[in-house]
Amino acid sequence: MLDQIKGLHHVTSMAGNARTNNSFFTDTLGLRRVKKTVNFDAPDVYHLYYGDEIGTPGSVMTYFPFPHMAKGRPGTGEVGTTVFSVPEGSLGFWGERLAAKGSLELKTDEAFGEKRLQFFGPDGDGFALSEVRDDARPSWTGNGVSEDHAIRGFHSASLRLRDEGATAELLKFMGYQEVDRRDGVVRLAVPGGNGADVIDIETMPNIASAHLGAGSVHHIAFAVENREKQLEVRKALMGTGYQVTPVIDRDYFWAIYFRTPGGVLFEVATNEPGFDRDEDTAHLGEALKLPDQHAHLRSYLEEHLEKLEG
Ligand code: ZN
(Lines give C-alpha, C1' and ligand atoms only; values in the text may rest on other atoms or scores of the structure.)
Protein backbone atom coordinates (compact mmCIF):
# COMPACT_ATOMS: atom_id res chain seq x y z
CA MET A 1 0.00 0.00 0.00
CA LEU A 2 1.26 3.45 -0.89
CA ASP A 3 1.75 6.26 1.62
CA GLN A 4 2.80 9.12 -0.68
CA ILE A 5 -0.73 10.39 -1.47
CA LYS A 6 -1.98 13.08 0.93
CA GLY A 7 -5.55 13.76 -0.21
CA LEU A 8 -6.92 15.74 -3.13
CA HIS A 9 -4.75 18.23 -4.99
CA HIS A 10 -7.30 19.73 -7.38
CA VAL A 11 -10.57 19.00 -9.16
CA THR A 12 -10.86 20.01 -12.82
CA SER A 13 -14.20 20.53 -14.54
CA MET A 14 -15.67 21.86 -17.76
CA ALA A 15 -17.69 25.07 -18.03
CA GLY A 16 -19.66 26.84 -20.72
CA ASN A 17 -18.90 30.49 -20.06
CA ALA A 18 -15.69 31.82 -18.57
CA ARG A 19 -17.14 35.06 -17.14
CA THR A 20 -20.01 33.28 -15.41
CA ASN A 21 -17.62 30.67 -14.08
CA ASN A 22 -15.19 33.29 -12.80
CA SER A 23 -17.86 35.32 -11.03
CA PHE A 24 -19.46 32.26 -9.42
CA PHE A 25 -16.24 31.02 -7.84
CA THR A 26 -14.92 34.42 -6.80
CA ASP A 27 -17.98 36.58 -6.02
CA THR A 28 -20.39 33.87 -4.87
CA LEU A 29 -18.16 31.23 -3.27
CA GLY A 30 -15.51 33.73 -2.21
CA LEU A 31 -12.53 31.77 -3.52
CA ARG A 32 -9.48 33.47 -4.93
CA ARG A 33 -8.61 33.11 -8.59
CA VAL A 34 -5.00 31.96 -8.21
CA LYS A 35 -4.13 31.46 -11.86
CA LYS A 36 -5.41 32.63 -15.22
CA THR A 37 -3.78 30.53 -17.91
CA VAL A 38 -4.85 28.44 -20.89
CA ASN A 39 -5.51 24.76 -21.41
CA PHE A 40 -2.00 23.57 -22.28
CA ASP A 41 -3.46 20.97 -24.68
CA ALA A 42 -6.00 23.36 -26.30
CA PRO A 43 -4.59 26.87 -25.76
CA ASP A 44 -7.53 28.77 -27.25
CA VAL A 45 -9.50 28.18 -24.03
CA TYR A 46 -8.74 29.31 -20.52
CA HIS A 47 -7.62 27.19 -17.64
CA LEU A 48 -8.85 28.99 -14.53
CA TYR A 49 -7.78 28.01 -11.02
CA TYR A 50 -9.62 29.01 -7.83
CA GLY A 51 -8.56 28.27 -4.26
CA ASP A 52 -7.23 29.76 -1.07
CA GLU A 53 -4.70 32.60 -0.97
CA ILE A 54 -1.88 30.64 -2.61
CA GLY A 55 -3.79 27.77 -4.18
CA THR A 56 -2.76 25.25 -1.55
CA PRO A 57 -3.16 21.69 -2.83
CA GLY A 58 -6.48 20.41 -1.51
CA SER A 59 -8.19 23.77 -2.11
CA VAL A 60 -7.94 24.15 -5.88
CA MET A 61 -10.98 23.97 -8.16
CA THR A 62 -10.03 24.41 -11.80
CA TYR A 63 -12.03 24.91 -14.99
CA PHE A 64 -11.75 24.65 -18.73
CA PRO A 65 -14.44 27.02 -20.03
CA PHE A 66 -15.40 26.09 -23.60
CA PRO A 67 -17.74 28.75 -25.00
CA HIS A 68 -21.13 27.27 -26.01
CA MET A 69 -20.25 23.79 -24.77
CA ALA A 70 -23.36 21.65 -24.26
CA LYS A 71 -24.14 20.63 -20.71
CA GLY A 72 -22.92 17.25 -19.56
CA ARG A 73 -25.35 14.49 -18.69
CA PRO A 74 -24.86 13.20 -15.17
CA GLY A 75 -24.40 9.46 -14.79
CA THR A 76 -21.98 6.84 -13.63
CA GLY A 77 -18.24 6.76 -14.20
CA GLU A 78 -17.71 10.32 -13.03
CA VAL A 79 -17.36 12.54 -9.99
CA GLY A 80 -20.86 13.26 -8.69
CA THR A 81 -20.41 15.87 -6.00
CA THR A 82 -17.40 18.00 -5.13
CA VAL A 83 -17.65 19.02 -1.48
CA PHE A 84 -16.00 22.00 0.20
CA SER A 85 -15.30 22.30 3.93
CA VAL A 86 -16.87 25.25 5.79
CA PRO A 87 -16.93 26.12 9.51
CA GLU A 88 -19.57 24.76 11.85
CA GLY A 89 -22.67 26.93 11.95
CA SER A 90 -22.07 28.55 8.56
CA LEU A 91 -24.61 26.73 6.38
CA GLY A 92 -27.36 29.24 7.19
CA PHE A 93 -25.18 32.02 5.81
CA TRP A 94 -24.38 30.00 2.71
CA GLY A 95 -28.00 29.04 2.07
CA GLU A 96 -29.01 32.72 2.11
CA ARG A 97 -26.03 33.81 0.04
CA LEU A 98 -26.52 31.19 -2.66
CA ALA A 99 -30.26 31.88 -2.83
CA ALA A 100 -29.64 35.64 -3.08
CA LYS A 101 -27.20 35.02 -5.96
CA GLY A 102 -29.84 33.01 -7.79
CA SER A 103 -28.99 29.41 -6.89
CA LEU A 104 -32.01 27.19 -7.13
CA GLU A 105 -32.50 23.66 -5.80
CA LEU A 106 -30.59 24.14 -2.56
CA LYS A 107 -30.90 21.09 -0.35
CA THR A 108 -29.79 20.62 3.24
CA ASP A 109 -29.12 17.15 4.57
CA GLU A 110 -26.63 15.12 6.56
CA ALA A 111 -23.95 12.80 5.27
CA PHE A 112 -22.09 10.57 7.71
CA GLY A 113 -23.31 12.77 10.58
CA GLU A 114 -22.07 16.00 8.99
CA LYS A 115 -24.41 18.83 8.01
CA ARG A 116 -24.32 19.52 4.31
CA LEU A 117 -25.79 22.00 1.84
CA GLN A 118 -26.05 20.74 -1.71
CA PHE A 119 -26.16 23.20 -4.60
CA PHE A 120 -25.38 23.44 -8.28
CA GLY A 121 -22.78 25.46 -10.11
CA PRO A 122 -23.60 27.59 -13.17
CA ASP A 123 -23.50 24.59 -15.54
CA GLY A 124 -25.29 22.17 -13.22
CA ASP A 125 -22.05 21.10 -11.52
CA GLY A 126 -22.80 19.08 -8.39
CA PHE A 127 -21.43 20.77 -5.28
CA ALA A 128 -21.94 20.72 -1.54
CA LEU A 129 -20.64 22.56 1.50
CA SER A 130 -20.05 20.40 4.54
CA GLU A 131 -19.65 21.76 8.06
CA VAL A 132 -16.37 20.60 9.59
CA ARG A 133 -15.38 21.35 13.18
CA ASP A 134 -11.88 22.74 13.65
CA ASP A 135 -10.67 22.60 10.06
CA ALA A 136 -7.41 24.45 10.69
CA ARG A 137 -6.67 25.24 7.05
CA PRO A 138 -6.46 28.96 6.31
CA SER A 139 -9.30 30.58 4.41
CA TRP A 140 -9.27 33.30 1.77
CA THR A 141 -11.38 36.27 2.86
CA GLY A 142 -10.37 38.71 0.11
CA ASN A 143 -13.67 38.34 -1.73
CA GLY A 144 -15.90 39.44 1.12
CA VAL A 145 -16.70 36.15 2.85
CA SER A 146 -15.59 36.37 6.47
CA GLU A 147 -13.38 33.95 8.36
CA ASP A 148 -16.47 32.55 10.16
CA HIS A 149 -17.95 31.32 6.90
CA ALA A 150 -15.18 31.00 4.33
CA ILE A 151 -14.37 27.78 2.51
CA ARG A 152 -11.32 25.93 3.89
CA GLY A 153 -10.65 23.80 0.85
CA PHE A 154 -12.12 20.53 -0.30
CA HIS A 155 -13.81 18.20 2.12
CA SER A 156 -14.27 15.34 -0.33
CA ALA A 157 -15.28 14.21 -3.76
CA SER A 158 -17.88 11.53 -4.43
CA LEU A 159 -17.51 9.07 -7.26
CA ARG A 160 -20.66 7.69 -8.91
CA LEU A 161 -19.91 4.17 -10.08
CA ARG A 162 -21.85 1.20 -11.39
CA ASP A 163 -19.69 -1.06 -9.26
CA GLU A 164 -17.50 0.05 -6.38
CA GLY A 165 -15.22 -2.98 -6.16
CA ALA A 166 -12.21 -2.32 -8.35
CA THR A 167 -12.11 1.43 -7.65
CA ALA A 168 -12.30 0.91 -3.89
CA GLU A 169 -9.45 -1.58 -4.21
CA LEU A 170 -7.43 0.96 -6.18
CA LEU A 171 -8.03 3.70 -3.59
CA LYS A 172 -6.94 1.32 -0.82
CA PHE A 173 -3.80 0.58 -2.81
CA MET A 174 -3.28 4.37 -3.06
CA GLY A 175 -3.37 4.59 0.76
CA TYR A 176 -7.08 5.18 1.50
CA GLN A 177 -8.91 3.26 4.20
CA GLU A 178 -12.61 2.50 4.48
CA VAL A 179 -13.89 4.55 7.43
CA ASP A 180 -17.66 4.18 7.13
CA ARG A 181 -20.46 2.78 5.00
CA ARG A 182 -24.00 4.16 5.05
CA ASP A 183 -27.01 4.30 2.73
CA GLY A 184 -25.15 2.66 -0.12
CA VAL A 185 -22.18 5.03 0.12
CA VAL A 186 -18.69 3.87 1.10
CA ARG A 187 -16.49 6.51 2.71
CA LEU A 188 -12.71 6.23 2.37
CA ALA A 189 -10.13 8.54 3.89
CA VAL A 190 -6.38 8.86 3.69
CA PRO A 191 -4.64 9.02 7.09
CA GLY A 192 -2.38 12.02 7.61
CA GLY A 193 -3.80 13.88 4.64
CA ASN A 194 -3.89 17.57 3.76
CA GLY A 195 -7.51 18.11 4.92
CA ALA A 196 -9.09 17.13 1.61
CA ASP A 197 -8.89 13.55 2.78
CA VAL A 198 -12.18 11.90 1.90
CA ILE A 199 -13.50 10.03 -1.14
CA ASP A 200 -17.08 8.71 -1.11
CA ILE A 201 -18.16 6.02 -3.53
CA GLU A 202 -21.84 5.86 -4.49
CA THR A 203 -22.81 2.64 -6.24
CA MET A 204 -25.53 3.00 -8.88
CA PRO A 205 -25.68 -0.25 -10.85
CA ASN A 206 -28.66 0.75 -12.98
CA ILE A 207 -27.62 4.25 -14.02
CA ALA A 208 -26.22 4.96 -17.50
CA SER A 209 -22.74 6.32 -18.06
CA ALA A 210 -22.25 10.06 -17.80
CA HIS A 211 -21.67 12.20 -20.89
CA LEU A 212 -18.90 14.73 -20.45
CA GLY A 213 -19.93 18.35 -21.01
CA ALA A 214 -20.21 21.68 -19.25
CA GLY A 215 -20.71 21.08 -15.54
CA SER A 216 -18.93 17.70 -15.61
CA VAL A 217 -15.77 16.98 -13.68
CA HIS A 218 -13.00 16.14 -16.15
CA HIS A 219 -10.63 14.58 -13.61
CA ILE A 220 -9.61 14.65 -9.97
CA ALA A 221 -6.02 14.99 -8.89
CA PHE A 222 -4.39 13.57 -5.78
CA ALA A 223 -1.52 15.33 -4.03
CA VAL A 224 2.03 14.10 -3.53
CA GLU A 225 4.76 16.21 -2.00
CA ASN A 226 7.28 16.15 -4.83
CA ARG A 227 8.45 14.55 -8.05
CA GLU A 228 10.31 11.77 -6.29
CA LYS A 229 7.13 10.60 -4.52
CA GLN A 230 5.24 10.96 -7.78
CA LEU A 231 7.66 8.60 -9.55
CA GLU A 232 7.26 6.08 -6.73
CA VAL A 233 3.47 6.20 -7.16
CA ARG A 234 3.76 5.93 -10.94
CA LYS A 235 6.01 2.90 -10.71
CA ALA A 236 3.70 1.18 -8.22
CA LEU A 237 0.59 1.83 -10.32
CA MET A 238 2.29 0.55 -13.46
CA GLY A 239 3.43 -2.48 -11.49
CA THR A 240 -0.20 -3.37 -10.79
CA GLY A 241 -1.17 -3.02 -14.46
CA TYR A 242 -2.37 0.58 -14.75
CA GLN A 243 -1.54 2.52 -17.90
CA VAL A 244 -0.08 5.74 -16.56
CA THR A 245 1.04 8.70 -18.69
CA PRO A 246 4.60 9.96 -18.51
CA VAL A 247 5.20 12.88 -16.15
CA ILE A 248 3.83 16.08 -17.73
CA ASP A 249 4.98 19.56 -16.74
CA ARG A 250 1.92 21.71 -15.94
CA ASP A 251 4.09 24.69 -14.90
CA TYR A 252 2.55 24.86 -11.38
CA PHE A 253 2.82 21.12 -10.69
CA TRP A 254 3.89 17.93 -12.45
CA ALA A 255 1.12 15.55 -13.43
CA ILE A 256 0.55 11.90 -14.29
CA TYR A 257 -2.86 10.58 -15.38
CA PHE A 258 -4.54 7.20 -15.48
CA ARG A 259 -8.07 5.92 -16.12
CA THR A 260 -9.62 4.03 -13.21
CA PRO A 261 -11.71 0.84 -13.46
CA GLY A 262 -14.97 2.72 -12.79
CA GLY A 263 -14.28 5.23 -15.59
CA VAL A 264 -13.09 8.26 -13.60
CA LEU A 265 -9.86 9.90 -14.77
CA PHE A 266 -7.35 10.24 -11.91
CA GLU A 267 -4.28 12.43 -11.81
CA VAL A 268 -1.44 12.47 -9.30
CA ALA A 269 0.03 15.98 -9.00
CA THR A 270 2.98 17.38 -7.08
CA ASN A 271 2.71 20.10 -4.43
CA GLU A 272 5.79 21.68 -6.01
CA PRO A 273 6.48 24.23 -7.49
CA GLY A 274 3.11 25.93 -6.74
CA PHE A 275 1.16 28.86 -8.18
CA ASP A 276 3.56 31.53 -6.97
CA ARG A 277 6.38 30.34 -9.22
CA ASP A 278 5.67 33.07 -11.80
CA GLU A 279 3.61 35.70 -9.92
CA ASP A 280 3.84 37.47 -6.57
CA THR A 281 1.37 36.14 -4.02
CA ALA A 282 -0.25 39.58 -3.86
CA HIS A 283 -1.14 39.44 -7.57
CA LEU A 284 -1.89 35.77 -8.16
CA GLY A 285 -4.38 35.11 -10.92
CA GLU A 286 -4.46 38.64 -12.30
CA ALA A 287 -2.32 38.44 -15.45
CA LEU A 288 -2.73 35.96 -18.28
CA LYS A 289 0.07 33.44 -17.81
CA LEU A 290 1.16 31.28 -20.72
CA PRO A 291 3.47 28.27 -20.74
CA ASP A 292 6.60 28.67 -22.87
CA GLN A 293 5.22 26.47 -25.64
CA HIS A 294 2.26 28.84 -26.13
CA ALA A 295 3.98 32.17 -25.42
CA HIS A 296 3.96 33.06 -29.14
CA LEU A 297 0.12 33.03 -29.07
CA ARG A 298 -0.11 35.84 -26.50
CA SER A 299 -1.40 38.66 -28.69
CA TYR A 300 -3.97 36.38 -30.37
CA LEU A 301 -5.17 35.00 -27.01
CA GLU A 302 -5.34 38.39 -25.32
CA GLU A 303 -7.58 39.55 -28.14
CA HIS A 304 -9.79 36.45 -28.36
CA LEU A 305 -10.21 35.17 -24.81
CA GLU A 306 -13.17 36.66 -22.99
CA LYS A 307 -12.24 39.42 -20.53
CA LEU A 308 -12.73 38.41 -16.91
CA GLU A 309 -13.51 40.60 -13.92
CA GLY A 310 -10.97 40.82 -11.14
ZN1 ZN B 1 -5.39 18.22 -13.33
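Considering every residue within the stretch 62-85, establish whether at least one is within 15 Å of the ligand (Cβ to nearest atom), under 13 Å from the mean Cα position of the chain (by Cα), polar (S, T, N, Q) and within 26 Å of Ala287 (Cα to Cα).
For the stretch 62-85, residues within 15 Å of the ligand (Cβ to nearest atom), under 13 Å from the mean Cα position of the chain (by Cα), polar (S, T, N, Q) and within 26 Å of Ala287 (Cα to Cα): present.
Go through Arg250, Arg234, Arg259 for me and flag whichever is within 11 Å of the ligand (Cβ to nearest atom) and either closer than 27 Å to Thr37 by Cβ or not basic (Lys, Arg) (or both).
Of the residues listed, the single one that is within 11 Å of the ligand (Cβ to nearest atom) and either closer than 27 Å to Thr37 by Cβ or not basic (Lys, Arg) (or both) is Arg250.
Among the strands (runs of 3 or more DSSP E) contained in the stretch 164-245, which hold 2 or more residues that are crowded, with 18+ Cβ neighbours inside 10 Å?
185-189, 198-203, 217-224
Taking the stretch 1-56, which residues are within 16 Å of the ligand (Cβ to nearest atom) and either in contact with a Cys (Cβ under 8 Å, 6 or more places away or on another chain) or modelled with pLDDT under 95 (or both)?
Asp41, Ala42
Conditions first: (1) closer than 22 Å to Leu188 by Cα; (2) away from the ligand (no atom under 15 Å from the Cβ). Ile220 passes all but one, so which condition is the exception?
Evaluating Ile220 over (1) closer than 22 Å to Leu188 by Cα; (2) away from the ligand (no atom under 15 Å from the Cβ) leaves (2) as the failure.
Tally time: how many residues in the stretch 246-264 are acidic (Asp, Glu) and in a loop (DSSP other than H, G, I, E, B)?
Number satisfying all stated conditions: 1.
Restricting attention to the stretch 259-278, report how many residues are without any contact (Cβ under 8 Å) to a residue 60 or more places away in the chain and either surrounded by fewer than 18 Cβ atoms within 10 Å (Cβ to Cβ) or out of contact with any strand residue (DSSP E or B) (no Cβ under 7 Å at 6 or more places or on another chain) (or both).
The total comes to 5.
Return the total of residues in the stretch 111-152 being modelled with pLDDT of 95 or more, of a type in the set (Asp, Glu) and assigned to a loop (DSSP other than H, G, I, E, B).
So the count comes out to 5.
Please identify the pairs in which a residue from the stretch 186-210 that is of a type in the set (Lys, Arg) has its Cβ atom under 7 Å from the Cβ atom of a residue that is surrounded by 20 or more Cβ atoms within 10 Å (Cβ to Cβ), counting only partners at least 6 apart or on another chain.
Partner pairs satisfying both residue conditions: Arg187/Val198; Arg187/Asp200.
For the stretch 233-248, what are the residues that are within 16 Å of Lys172 (Cα to Cα) and out of contact with any Leu (no Cβ under 7 Å at 6 or more places or on another chain)?
Scanning the stretch 233-248 gives Arg234, Leu237, Met238, Gly239, Thr240, Gly241, Tyr242.
So which pairs qualify, if the first residue must be in the stretch 211-233 and among the aromatic types (Phe, Trp, Tyr), the second must be within 14 Å of the ligand (Cβ to nearest atom), the Cβ gap must be under 8 Å, and the two must be at least 6 apart or on different chains?
Phe222/Leu8; Phe222/His9; Phe222/Phe266; Phe222/Glu267; Phe222/Val268; Phe222/Ala269
The values are calculated or read from the model by the stated rules, or taken from the named source; none is laboratory data. All of these numbers come straight from a predicted model, not from anything done at the bench. Reconstructed Cβ throughout: ideal geometry from the backbone, glycine too, with neighbour counts over all protein chains shown.
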